[in-house]
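Bear in mind that the values in this text are calculations on the coordinates, not laboratory data. Everything numeric in this text was worked out from a predicted model, so none of it was measured. Don't worry about glycine lacking a Cβ; one is built from the backbone with ideal geometry, like all the others, and counts go over all protein chains shown.
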Amino acid sequence: MSDFRKLGDGMYAAPQITASDISEAKALGVTLVINNRPEGEADDQTPGPEIEQAAHDAGMNYVAIPITMPTLSVGHVDAMAEALGGATGPVLAYCRSGTRSTLLWSLAQAKSGRDPDSIAEAAAAAGYDVSPVREAMDALAAGN
């Protein structure tokens, strides 16, 4: 069974998934899979194109927004917000541990005006700590 962690209504984060995890995501109603992991980050990761094909075969959309903490930018936040805004149902975002996906989701949520405290609480309930980006969340929520 996969480690899909619910961040909120219609939003899940997960550690690295495999093509076989797509059927579980489909059962949850997921319509969009977001890959936040750079290709080749580790020898044991399932390649993004394999996940993409499985998602498409299951009737889901797929988008890659690969990030690392040193390269995280406003452009990544905008891409995540756009992907989330265009989703027609639940979303599953994944990376190595689910942390980067959660951090990027948190920033996109803050940029859309959601309260940073409620974002942090939702992430914590799923087992993720957003403190590395909390200052940026507060700034985005304030419109800065």
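Annotations
- Sorting the Cα pairs of region 1-68 by distance into bins of 10 Å, from 0 upward, gives 21, 59, 20, 0 percent per bin.
- Segment GLN53..ASP117, full-extension length gain: 19.4 nm, with 0.36 nm per residue of separation and the alpha-carbon distance subtracted.
- Packing-based ranking of 79-86, 66-73 yields 79-86, 66-73, ordered from highest to lowest mean Cβ neighbour count within 10 Å.
- DSSP bridge pairs, the chain: antiparallel proportion in percent, nearest 5: 20
- Relative to the Cα centre, the charge distribution of region 5-141, modelled as +1 at Lys and Arg Cβ and -1 at Asp and Glu Cβ, gives a dipole magnitude of about 200 debye.
- Distances between placed amide hydrogens fall under 5 Å for SER97 paired with GLN16, all partners being 5 or more residues away or on another chain.
- The H on the amide N of ALA64, modeled in the peptide plane, is under 5 Å from the matching H of ASN35, each at least 5 residues off or on a different chain.
- Matching the structure-derived volume of the Cα convex hull per residue in Å³ against the labelled list (1) 245; (2) 98; (3) 108 gives the label (2).
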